[in-house]
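Some notes on the structure that comes next.
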Amino acid sequence: MTDNVTGSSPPARSTGRRRGDGIFRSMTTGSSLVIVVSIGLIGLFLLIQAVPSLQANTINFFTSAEWSTGDVGNLAFGIRDLLVVTVLSSLLALAIAMPIAMGIALFLTHYLPPKIAQPFAYVIDLLAAVPSIVFGLWGAKVLGPSLEPIATFLNENLSWIPLFSDGNVSLSGGGNIFTAGIVLAIMILPIITAVSREVFRQTPAMQIEGALALGATRWEMIRTTVLPFGRSGYIAGSMLGLGRALGETVAVLIILRSASSSSTFSFFDGGYTFASKIASAAPEFSEPLSTGAYIAAGLVLFVFTFAVNALARYIAGRGKAKAS
Amino acid sequence: MTAVLTDPNRPAQAPAFQKISTARQIKNRLATVLTGLTFLVAVIPLVWLLYTVISNGYEALLNGDWWFKSLKGVLPEQFTGGVYHALYGSIVQALVCALIAVPIGILTAIYLVEYGNNGRFARITTFMVDILSGVPSIVAALFVFALWVTTFGLETSAFAVSLALVLLMLPVVVRSTEEMLRLVPDELREASYALGVPKWKTIVKIVLPTALSGIVTGVMLATARVMGETAPVLVLVGYSRSINFDVFDGNMASLPLLIYNELLNPEPAGQLRVWGAALTLILLIMFFNLVATVISRFSAIKTK
């Protein structure tokens with residue numbers, strides 16, 4: 001052993017060690033590179049294959065609502081309606097899910113004792129384990145028909161608000177944005193709740209105890225310490241939820257009824273979102289030019305979700321910097 | 001001073017604790033009730049959905065053929081056949097995906113925790129993992145379609161589905177592994193270095209085994225998540241009513257795809273199959289979740 005110290009083996013051992021470390025290090029770096037590159041490739045490939053179709057497009061891509069890709073020589077596709085339906089359904093989902101998620105997160109972190117909160121939190125996580133196609137199935141066959149009276153009531157009494165005016169599909173069966181938005185709200189509830197729960201839990205105990213020592217009720221303590229502390233995390237979580245809602249495919253595809261006329265900016269419209277439009281046409285992806293039209297729609301969706309997620313991260317990062 | 005002298009029974013100061021005003025009490029109660037209600041509001045759809053799926057689907061599962069037969073040669077109105085072929089597809093596609101995603105994901109997490117030092121590239125990677133976790137499944141599917149079918153000119157197949165699922169699985173694996181690796185106490189690493197063990201061996205022999213159960217839990221959860229994905233199978237593989245063992249060639253069924261196709265079948269038998277497959281899919285995902293929970297319950301990292 002002792003001759004090793006001055007002998008020839010230590011250098012040999014250390015080069016072997018260095019080689020092992022080098023190989024392992026480059027393996028891990030390479031894997032990271034795979035992830036970074038694949039994001040770039042997604043954007044690049046979608047762009048490359050969308051451009052020829054966009055060039056062959058005979059109408060305006062952004063402001064037109066027409067979608068006919070059957071005749072390759074005369075492509076005419078625009079995303080206006082897809083955008084309207086996607087944004088309307090996602091925003092409705094967000095408007096429903098945000099307050100409920102906040103309530104659940106507060107309930108789990110500051111009302112229930114930790115031991116009981118655990119199984120309760122598990123119940124909410126169960127919602128996240130339900131696959132989207134099952135949500136779609138339930139939304140289309142069970143929830144939609146049950147919501148029909150409510151939708152009819154809103155439509156009859158609030159139709160002076162454009163969002164509740166007559167849509168382009170019949171109210172019966174509930175195949176409209178109203179149903180889709182509610183189902184999407186249920187689907188994004190777990191993620192918003194999970195993120196909010198995490199930040200609400202991290203509220204400094206000093207602040208909480210300080211507020212309580214000053215005589216605040218539990219609600220006043222929450223309002224003055226937990227909510228200001230957790231606000232950025234809550235908003236970031238909601239943005240993540242919004243990203244999910246924007247990209248949700250199958251549930252929306254099954255629920256929404258296709259419409260013959262263009263969108264009327266109402267919750268009682270049918271039609272397609274970006275994602276459901278692409279999925280609905282998937283079996284007919286044979287002609288590169290017409291496929292390119294759907295890829296262009298997918299590119300818009302990608303850019304959209306990229307922006308929303310980057311924003312969520314930025315908000316969360318800013319909140320973290322402020323807290324520390 | 002004089003007042004104290006004249007009336008010894010009167011306290012020198014007003015009581016320090018005053019009763020909380022009624023308005024504040026009401027607000028406090030209201031907040032308690034409302035937060036409790038939000039929880040109930042979230043539980044209602046869950047219970048309703050599970051009840052619907054179970055009550056409509058259990059009959060199909062009781063049939064002995066359900067687990068061991070495909071739908072080959074079964075007419076739309078016949079109450080026979082099973083989902084054997086779709087079950088096989090769902091599991092195999094998820095496993096092939098895991099085979100690719102787990103090594104890359106774990107290595108990336110190791111890079112972030114052990115080598116990244118929060119440097120420039122590590123921050124870019126973390127950002128990209130976040131973005132990847134937000135990529136909609138339909139976009140991942142379109143990307144693989146653009147790469148696999150349009151660019152390479154290959155046929156759609158179950159393997160293409162697995163590739164799209166890799167993109168969805170990677171961020172989940174990276175995140176959970178990263179979290180677990182950060183929980184491993186630094187003392188363990190330092191003790192290993194002090195004994196002259198090289199860094200890579202320390203990671204492989206000390207850090208990873210310590211965090212293993214947490215990593216396995218994360219992988220199981222990620223696998224369960226990709227099993228429920230429908231968008232990639234809609235775009236990247238055709239539906240088949242009979243069993244296909246070959247991942248690289250031909251159409252292959254999976255539970256979501258079977259549900260989507262049987263939805264078009266107006267016969268009662270079709271509806272039964274739809275709900276039966278939905279229940280099977282939920283059970284499959286629950287099973288993976290349950291295994292993950294059990295693993296994490298029985299072997300948490302000892303941080304002290």
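No value in this document is a laboratory result; all are computed from the given coordinates. Computed from a prediction, not measured in an experiment: that's the story for all the values here. As a convention, Cβ positions derive from the backbone with ideal geometry for all residues, glycine included, and neighbour counts pool all protein chains shown.
Taking other Cβ within 10 Å of each residue's Cβ, how do A:256, A:163, B:212 sort, fewest first?
Working: A:256 27, A:163 18, B:212 14.
Lowest count first: B:212, A:163, A:256.
The Cα trace of the range B:68-202 gives Rg and Dmax of 20.7, 71 Å, the first to one decimal, the second as a whole number.
Taking θ = phi - 60°, what integer Hz values does the Karplus form 6.51 cos²θ - 1.76 cosθ + 1.60 yield along the range B:71-82, in sequence order, with x for Gly and Pro? 3J(HN,Hα) across the range B:71-82, in whole Hz: 9, 4, x, 7, 6, x, 8, 8, 8, 10, x, x.
Histogrammed with a bin width of 10 Å, the alpha carbon distances of the protein assembly as shown distribute as 3, 14, 23, 25, 17, 9, 4, 2, 1, 1, 0 percent, first bin at zero. Among the chymotrypsin sites (Phe, Trp or Tyr not before Pro) within the range B:35-71, those in coil by DSSP and having at most 12 neighbouring Cβ atoms inside 10 Å are B:68. Take every pair of alpha-carbon atoms less than 8 Å apart whose residues are at least six positions apart; their mean separation over the length of the range A:134-264 yields a relative contact order of 41 percent. With the simple model of a label 7 Å out from the Cα in the direction of the Cβ, residue A:66 to residue B:182 spans 5.3 nm.
Expressed as a fraction of 2.2 N^0.38 Å, the C-alpha radius of gyration for chain A is 1.30. Computed over chain A, relative contact order equals 26 percent, with contacts defined as Cα pairs under 8 Å that lie 6+ residues apart. The label-point distance for residue B:249 and residue A:205, in a model that sets each label 7 Å from Cα toward Cβ, rounds to 6.4 nm. Legend: translational diffusion of the range A:145-259 by Stokes-Einstein, Rh = Kirkwood radius over C-alpha pairs, 37 °C, 0.692 mPa s; D = 193 µm²/s.
Taking all Cα pairs closer than 8 Å and separated by 6 or more residues, the relative contact order of the range B:84-298 comes to 29 percent.
The share of Cα pairs per 10 Å bin across the range B:23-62, counted from zero up to the longest distance, runs 26, 27, 20, 15, 9, 3 percent. Sorted largest first, the spans of the alpha carbon positions of the range A:56-141 along the three principal axes are 65, 23, 22 Å. Past the 17 angstrom mark, what percentage of all C-alpha to C-alpha distances in the range B:48-100 do you count? Roughly 52 percent, rounded to a whole number.
Within the range A:149-170, list the residues whose amide N lies under 16 Å from a label point set 7 Å along Cα→Cβ of residue A:260. Only A:167-170 fall inside the zone, counting backbone N under 16 Å. Per-residue shielding of A:238-249, expressed as the average number of other chain Cβ atoms within 10 Å of the residue Cβ, stands at 3. Taking other C-beta atoms within 10 angstrom as a stand-in for reagent exposure, A:98, A:27, A:239 fall in the order A:27, A:98, A:239, fewest first. Alpha-carbon geometry of the range A:154-204: the Rg and the Dmax are 17.0, 52 Å, given in that order.
With viscosity set to 0.890 mPa s and temperature to 25 °C, compute the Stokes-Einstein D of the range B:84-298, Rh being the Kirkwood radius across alpha carbon pairs; µm²/s, no decimals. The partial results should precede the final answer.
Details: Rh = 18.7 Å.
Stokes-Einstein gives a translational diffusion coefficient of 131 µm²/s.
Over the residues of chain A, the helix contribution to mean residue ellipticity at 222 nm works out to -23500 deg cm²/dmol, using -39500 (n - 2.57) for each DSSP H run of at least 4. For residue A:76, the amide hydrogen comes within under 5 Å of the amide hydrogens of A:58, A:68, counting only partners 5 or more places away or on other chains and with H modelled in the peptide plane.
Straight Cα distances below 19 angstrom link residue A:277 to the aspartates and glutamates A:66, A:71, A:81, A:248, A:269, A:287, B:229, with same-chain residues fewer than 8 positions distant left out.
Compute the Rg/Rh shape ratio of the range B:214-304: radius of gyration over Kirkwood radius, all on alpha-carbon atoms. All intermediate terms of the calculation are to be shown ahead of the outcome.
Numbers: Rg = 16.8 Å, Rh = 15.0 Å.
Taking Rg over the Kirkwood Rh, I get 1.11.
Applying the criteria of a DSSP loop state and at most 16 other Cβ atoms within 10 Å to the chymotrypsin sites (Phe, Trp or Tyr not before Pro) of the range A:28-125 yields A:62. Per residue, the convex hull spanned by the alpha carbons of the range A:35-85 comes to 94 Å³. Within the range B:31-120, the percentage of alpha carbon pairs spaced more than 21 angstrom apart rounds to 66%. So which of A:141/B:69; A:115/B:199; A:320/B:201; A:141/B:27 end up more than 31 Å apart, counting from Cα to Cα? Long pairs (Cα-Cα over 31 Å): A:115/B:199; A:320/B:201; A:141/B:27. What's the center-to-center distance, using Cα atoms, between the range A:152-182 and the range B:213-272 in Å? Here the two parts' Cα centres lie 33 Å apart. Cα convex hull, the range A:266-311: 88 Å³ per residue, rounded to a whole number.
Quick test of the membrane-span-like rule: which DSSP H helices of chain B reach at least 18 Å along their long axis (C-alpha atoms) with mean Kyte hydropathy at least 0.5? Qualifying helices: B:22-62, B:84-110, B:120-134, B:158-183, B:208-227, B:268-298.
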